[in-house]
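Here is the structure we will look at.
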Amino acid sequence: MRVTRLFLAGNAALVVALLPSTDLAADGQALEHVLAACSDKSNPQSSADACKAINIAEGTTDAAFSAAYSDIGAGYIEQKDYARTIANCTESIRLNPRNRYAFFNRGVAYSNQKEFARATADFSEALRLNPKDIDALNNRGYTYMQQHDFAHAIADYDEVIRIDPRNETAISSRQIAYDLLKAGHGRPVGGATR
């Protein structure tokens, strides 16, 4: 027999099933503590350990699992453990290919590993899912610049500035991309105008 409880985690409701032999099954406060630790992104290892202490019941949606994997991946970015970020976000994407946060987080990890083509692909997918994501646009612009594709970087920074005319990151990065393109660096792809 399992003890089942319903909890709200972010915007998702999780049904948690506990084996009756665990102390958590009898102690609601302990369970809440473990669930809080499970969702705490500041310490990914403790979060993972806490999550192992619970068994998410059948019936929980793939989207809820996907969000959890994406959140754990984001926590590993803070720890600079990009391999674990990539693994968790890849699982998140497998469960929910429309999880733009998982694509974004994995793109950040790839970028930090200097795998710019992969990062660009993930930021592009995040943008397909949410075309006005300023962070994804700025990050994709950065990865284009690292690949000497200044024209595409400029186009991304132009879009950020169209959405947020005071975005200092996009304004300064666009100027750098213009200067490098004008100096003959990179590969002109066309389409970007000043």
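The values are calculated or read from the model by the stated rules, or taken from the named source; none is laboratory data. None of the values given here were measured: they were computed from a predicted structure. Cβ: placed from backbone, ideal geometry, glycine included. Neighbour counts: every protein chain shown.
Conditions tested, residue by residue: (1) assigned by TED's automatic domain parsing to the domain that holds Ala68; (2) within 30 Å of Asp62 (Cβ to Cβ); (3) not polar (S, T, N, Q).
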| position | (1), (2), (3) |
| --- | --- |
| Glu91 | yes, yes, yes |
| Asn99 | yes, yes, no |
| Lys114 | yes, no, yes |
| Ala126 | no, yes, yes |
| Phe150 | no, no, yes |
| Glu168 | no, no, yes |
| Arg174 | no, no, yes |
Legend entry - Tally, over region 114-135, of residues that are hydrophobic (A, V, I, L, M, F, W, C) and either within 20 Å of Ile161 (Cβ to Cβ) or not in a helix (DSSP H, G or I) (or both): 4
Inset, instruction - Tell me, please, whether a residue that is in a helix (DSSP H, G or I), of a type in the set (A, V, I, L, M) and touching an Asp or Glu at 6+ places or on another chain (Cβ under 6 Å) can be found in region 174-191. - result: no
Legend entry - Neighbours by Cβ (under 7 Å, 6+ apart or cross-chain): first from region 136-153, part of a loop (DSSP other than H, G, I, E, B); second among the basic types (Lys, Arg) and surrounded by fewer than 23 Cβ atoms within 10 Å (Cβ to Cβ): His148/Arg187; Asp149/Arg187
Inset, instruction - Considering only residues that are in a helix (DSSP H, G or I) and of a type in the set (D, E, K, R), look in region 65-113 and name the one that is nearest to Tyr144 (Cα to Cα). - result: Arg106
